[in-house]
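Okay, so here's the structure we're looking at.
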Amino acid sequence: MKVKGLVAVVTGGASGLGEATAVMLAQLGATVVIADRNREKGQKLADEIGTKACFIETDVTSEHSVTSMLDQVSEQFGSIHVLVNCAGIAIGEKVIGRDNIHQYESFQNVMKVNVMGTFNMIRLAAERMERNDVDEQGERGLIINTSSIAAFDGQIGQAAYSASKGAVAAMTLPLARELARHGIRVMSIAPGLFETPMSEKIPESAREAVGKQTPFPKRLGKPSEFAQLVVSIVENTMLNGEVIRLDGAIRMQPK
């Protein structure tokens, strides 16, 4: 697919990786729907991008919220061609901590947003994509999910986050196989530590250590580099059913 002229929904699009993706897709000629819970940031970003973007407040864990958003997209733009799932949360919590054990509720919350929210978006968006006319390559749509290197190199305290991102990685191939007959591709990106609001919660010393451990380049990733990979996936139809690590060749240590 060519980016220009596509309609793309980016969840978690008001900040971080989602923001960079929304901006780049719009710059290349796509119409971008910023789907996020943060109305203030989402609307501000849409205003900054201009006529190629709009903001729709969306809770990815709610069927009603997602359906309402997709209905608005259909009414306003006619179709949805690309879904980029960037909405997610992270926690750091040990199973046996100094003062207490891992909270069951916090584990559930991470799984609800990162796994159930991602799948909720996939199932409802794919149903809309299936209605699209095929392009010259027989393609109707594309879904790009955000996993993490934590799915493979999970550190101490990342049991919940790693489990959720591992689930995202694991569903990539079966979804790609199932949706292939509809001309819908499914890919996932597994980024390392990037310069996002989520990484800002990590102590500066820890972020510097990760940067130094990265073989090359010796720094954190930039959101624009994530967005560049999204664009590459959009434009390369042969990319399907795969999880791509975007991490400068780092392999995370236990802690």
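At-a-glance table
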| read-out | value |
| --- | --- |
| Condition broken by A53, with the remaining ones in (1) farther than 24 Å from I184 by Cα; (2) touching a helix residue (DSSP H, G or I) at 6+ places or on another chain (Cβ under 6 Å); (3) surrounded by 18 or more Cβ atoms within 10 Å (Cβ to Cβ) satisfied | (1) |
| Single residue of A90, A20, A8 found to be part of a loop (DSSP other than H, G, I, E, B), touching a residue at least 12 places away in the same chain (Cβ under 8 Å) and of a type in the set (A, V, I, L, M) | A90 |
| Search result, residues across the range 180-237 that are of a type in the set (G, A, S), in a strand (DSSP E or B) and within 25 Å of V134 (Cα to Cα) | S188 |
| Residue that is surrounded by the fewest Cβ atoms within 10 Å (Cβ to Cβ) [pool: residues in the range 196-243 that are among the polar types (S, T, N, Q) and free of Cβ contacts under 8 Å to residues at least 60 places away in the same chain] | S205 |
| T61 vs. criteria out of contact with any Leu (no Cβ under 8 Å at 6 or more places or on another chain), among the hydroxyl-bearing types (S, T, Y) and within 15 Å of A8 (Cα to Cα) | no |
| Residues of the range 47-64 classified as touching a strand residue (DSSP E or B) at 6+ places or on another chain (Cβ under 8 Å) and assigned to a helix (DSSP H, G or I), total | 1 |
| Selection status of A26, buried (at least 17 other Cβ atoms within 10 Å of the Cβ), in a loop (DSSP other than H, G, I, E, B), within 17 Å of the chain's Cα centre (by Cα) and not β-branched (V, I, T) | no |
| In the range 151-161, residue farthest from the chain's Cα centre (by Cα) [restricted to those that are in a helix (DSSP H, G or I) and crowded, with 22+ Cβ neighbours inside 10 Å] | A160 |
| Residue in the range 94-115 that is part of a helix (DSSP H, G or I), farther than 21 Å from I143 by Cα, at pLDDT 95 or above and of a type in the set (S, T, Y) present | yes |
| Failed criterion for Q76 (all others in (1) part of a helix (DSSP H, G or I); (2) surrounded by 14 or more Cβ atoms within 10 Å (Cβ to Cβ) hold) | (2) |
| Test: residue in the range 84-98 that is within 17 Å of the chain's Cα centre (by Cα), at negative phi and of a type in the set (S, T, N, Q) | yes |
| Residues of the range 2-49 satisfying the condition of being farther than 18 Å from S62 by Cβ and acidic (D, E) | E19, E40, D47, E48 |
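The values are calculated or read from the model by the stated rules, or taken from the named source; none is laboratory data. Keep in mind it's a predicted model, so treat the numbers as computed, not measured. Methodologically, a virtual Cβ is constructed for each residue, glycine included, from the backbone with ideal geometry; neighbour enumeration extends over all protein chains shown.
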